[in-house]
Amino acid sequence: MPILPVMRRLILGTATGALILTGAPVLAAEKSDAPAATGPNTIFKDAAPVITAGTVTIKGQKIDYTAISGTIVVHPEHWDDTAWRAHPAKPDDTAVPDAEASMFYVAYVKKGVPAASRPITFLFNGGPGSASVWLHMGAFGPRRVVTRDDSHTPAAPYDLIDNDASLLDASDVVFIDAPGTGFSRVAGKDKEKAFWGMDADAHAFTSFIQAFLTRHGRWNSPKYLFGESYGTPRAAMIAARLTVDHAVDLNGVILLSQILNYNLSADGAVLNPGTDQPYITTLPTYAATAWYHNRLPGTRPADIEPFLKEAESFAIGDYASALQQGSLLDPGKRRDIAERMAKYIGLPVDYILKSDLRIEGGQFTQALQIGSGLITGRLDSRFSGPAIDVLNKEADYDPQSAAISSAYISAFNAYARDTLHYGQDETYKPDAPVGAFWNYDHRPPGQPEPVRGIINVMPDIAYAMKYNPQMKVLVTGGYYDLATPYYEGWYEMHHLPIPASLQSNIAFRYFRSGHMVYANTAALHDLHDAVAGFIAATDNLHK
């Protein structure tokens, strides 16, 4: 899924004719993936991509597109291509090859439009260790899988339909699978160390984007990043690297279900005592969830938005003040805060008091509906599922993940082979086992050495915005997301180390859905309109 359980632990168009071509795509993608040069101990080679064609109708507009499925080989940071080319491979060379990653992508390119007149958006999910099947099959590809809105989707056969919310009316789109996920592969000496870590992963994606721009002739296209979940810190790091290190200005960055500072996560917050901000930024999502499931005491407010504004004010006001007092908080005031919390989040006062006014995400998903034998969704708290053990402190699984994963994985496996005609003899890996290998050391822009600690890439996006003050950022999310609560993203962006003048470069849109905003059909269309409008306003095509 977009944010994997391992991270939770560690952080404490109808597709027409299957015309298979091996030549170059047209116009905006005129450059073909040529085979890579042979060097010493080469593992992967860039084969020619598989080209198919299709049509999708979006808001009454018929769009003919080319689908390009292929791979691009990238190397670890500090790899020396000059030395590599200077020493050709020898048939009898038995040395372990240096690490390489073959990164799989599917690009959808509108036919008949010159590259300089057409925006291009690079999209990726997160994890870390997740493929981009979720954005591809649920959000902005030309076809999408149909799932139930807030309950378990029945088993196959699944419906794959034309996606009238595809982003192809606004931009060409490139869905990228992280190294080791999907059809992407890693191999060679110390391959996990080479690609599974914050900086290693950001470098791989940055290298991929540069290679794609070259091979498909897109250097003069308006450029966008779209990251979901861990894809949001990845996008922040890529933006800084492209802008500062490689002189590639982006028109915009779109962040879906943002978490740039993992110190704000309500998962495992109890292991970081003295840091109360996670409880504050998560409380509005608890309130949204209690509202949705009608677990609020008394009469439920008629509309969610005004209710959430109240919850936000309480969270950053009296609640935050109470938490900051720690053990000095007056017992009477402590009970008063617990009673007010109960009115917003729907948990018993005594339970809140026993939790010292601090409710972790896993606690909430276990406790809210446990009287009915149900746990509540984490990625999308509109979902519910039978509790594995009603006596547990935290929920054992995520009901939304259980409810929709099979549909997405099955639909993409069929679509890849039957429509894209790719991967006939390969295994598609929805996720990679990165947890034991992931390196959290990160070198922020402008710093000589990596910094160890919990993920915080707020300095990266801030650096990129200051270096390129024309770059715009769109922050999007769902009210019912307990993995990356919407108010957490709002808080982060209002605490960036940027001049006040750059705050106007940031826009916010939130929806009545969860982590995967697009899992709700109405929210998917609203998300499309927000992103398409953002691109139209920033692509500089109508200056």
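The values are calculated or read from the model by the stated rules, or taken from the named source; none is laboratory data. Given the structure is predicted, the values throughout are model-derived calculations rather than measurements. Cβ atoms come from the backbone with ideal geometry, glycine included; neighbour counts cover every protein chain shown. Accessible surface is based on the protein model in full, side chains and every heavy atom, while ligands, DNA and RNA are left aside. Shrake-Rupley method; radii C 1.70, N 1.55, O 1.52, S 1.80 Å.
Restricting attention to segment 293-325, the residues that are assigned to a helix (DSSP H, G or I) and open to solvent by 40 Å² or more (accessible area, probe 1.4 Å) total 9.
Quick check: is even one residue across segment 32-44 modelled with pLDDT under 60, open to solvent by 70 Å² or more (accessible area, probe 1.4 Å) and assigned to a loop (DSSP other than H, G, I, E, B)? Yes; the residues of segment 32-44 include at least one that is modelled with pLDDT under 60, open to solvent by 70 Å² or more (accessible area, probe 1.4 Å) and assigned to a loop (DSSP other than H, G, I, E, B).
Does Phe183 fit the bill of being touching a strand residue (DSSP E or B) at 6+ places or on another chain (Cβ under 7 Å), at pLDDT 95 or above, surrounded by fewer than 24 Cβ atoms within 10 Å (Cβ to Cβ) and within 30 Å of Leu482 (Cα to Cα)? The answer is yes for Phe183.
Residue under question is Ile337, and the condition is that it be surrounded by 19 or more Cβ atoms within 10 Å (Cβ to Cβ) and at pLDDT 95 or above; does it hold? Criteria met by Ile337. With respect to being surrounded by 24 or more Cβ atoms within 10 Å (Cβ to Cβ) and at pLDDT 95 or above, Val109 fits the description. I'd like the full set of residues that are over 22 Å from Asp267 (Cα atoms) and either within 19 Å of the chain's Cα centre (by Cα) or open to solvent by 10 Å² or more (accessible area, probe 1.4 Å) (or both), limited to segment 469-493. Residues satisfying the conditions are Pro469, Gln470, Lys472, Val473, Leu474.
Identify, from the list Ser381, Ser401, the residue that is part of a helix (DSSP H, G or I) and not basic (Lys, Arg). Steps first, answer last, please.
Values: Ser381 fails: part of a helix (DSSP H, G or I).
On inspection, the qualifying residue turns out to be Ser401.
Just a yes or no: is a residue in segment 345-356 in contact with a strand residue (DSSP E or B) (Cβ under 9 Å, 6 or more places away or on another chain), open to solvent by less than 80 Å² (accessible area, probe 1.4 Å), of a type in the set (Val, Ile, Thr) and under 23 Å from Gln258 (Cβ atoms)? The answer is no; no qualifying residue exists.
Evaluating Ser406 against the criteria (1) closer than 25 Å to Ala155 by Cα; (2) small (Gly, Ala, Ser); (3) open to solvent by 50 Å² or more (accessible area, probe 1.4 Å); (4) over 23 Å from the mean Cα position of the chain (by Cα) leaves one unmet condition, (4). In the condition set (1) in contact with a strand residue (DSSP E or B) (Cβ under 9 Å, 6 or more places away or on another chain); (2) surrounded by 13 or more Cβ atoms within 10 Å (Cβ to Cβ), Pro445 is compliant with all but (1).
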